[in-house]
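Novice: Before we start, here is the structure in question, set down as structure tokens.
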Amino acid sequence: SNSTFFGPSKIRESLRKLAELFDDSIKEKVEAVIAKYDAQMQAVIDEYRPRLEGKKVMLYVGGLRPRHTINAYEDLGMICVGSGYEFAHSDDYDRTAPEMPDATVVYDDASELELEQFAHVLKPDLVASGIKEKYLFQKMAIPFRQMHSWD
């Protein structure tokens with residue numbers, strides 16, 4: 001399934017996709033839930049987007065799919081400049097590519113040295129990755145968001 005619940009856009013899209021499997025009463029309830037929480041989600045976007053608009057994010061994750069998280073950053077006005085998996089199959093990349101902005105660099109099973117070089121070239125304002133990469137990017141003085149498979 002391509003359903004994901006990272007960020008307002010994907011939450012709405014996934015709920016509607018799930019509702020399609022049921023009758024109209026469920027579809028109406030889903031729309032009511034979306035409407036109920038839209039203002040709250042928009043309030044978060046309104047608070048953070050002005051500071052994040054146009055900022056660059058670089059992603060590197062293991063089992064968590066980058067395509068599931070990109071839209072959450074885009075909802076906040078950020079641009080994904082680099083993305084990759086620690087371990088992936090070619091179909092993961094086939095499904096990820098359509099979610100990526102055209103200029104995104106995609107890397108696979110990158111070493112610490114390679115990630116550092118990508119960061120020097122891509123100049124991200126934020127890196128979102130796993131715990132193993134945390135100290136590399138902290139040493140580079142790049143803001144870091146730790147991503148878990150349960151985030």
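The values are calculated or read from the model by the stated rules, or taken from the named source; none is laboratory data. Only a predicted model underlies this, so the values are computations on that prediction, with no experimental measurement involved. What goes into the accessible areas is simple: the full protein's heavy atoms, side chains included, and nothing from ligands, DNA or RNA. Shrake-Rupley method; radii C 1.70, N 1.55, O 1.52, S 1.80 Å.
Novice: Being modelled with pLDDT under 95 and at positive phi is the filter here; which residues of the range 2-55 pass it?
Specialist: 7
Novice: Sort out which residues of the range 1-58 are open to solvent by 70 Å² or more (accessible area, probe 1.4 Å), hydrophobic (A, V, I, L, M, F, W, C) and not in a helix (DSSP H, G or I), and write them in order of number.
Specialist: 5, 21, 22
Novice: Another question, then. Give the range 119-140 a look and list any residue that's outside any helix (DSSP H, G or I) and open to solvent by 30 Å² or more (accessible area, probe 1.4 Å), or say none.
Specialist: Matches in the range 119-140: 123, 125, 126, 140.
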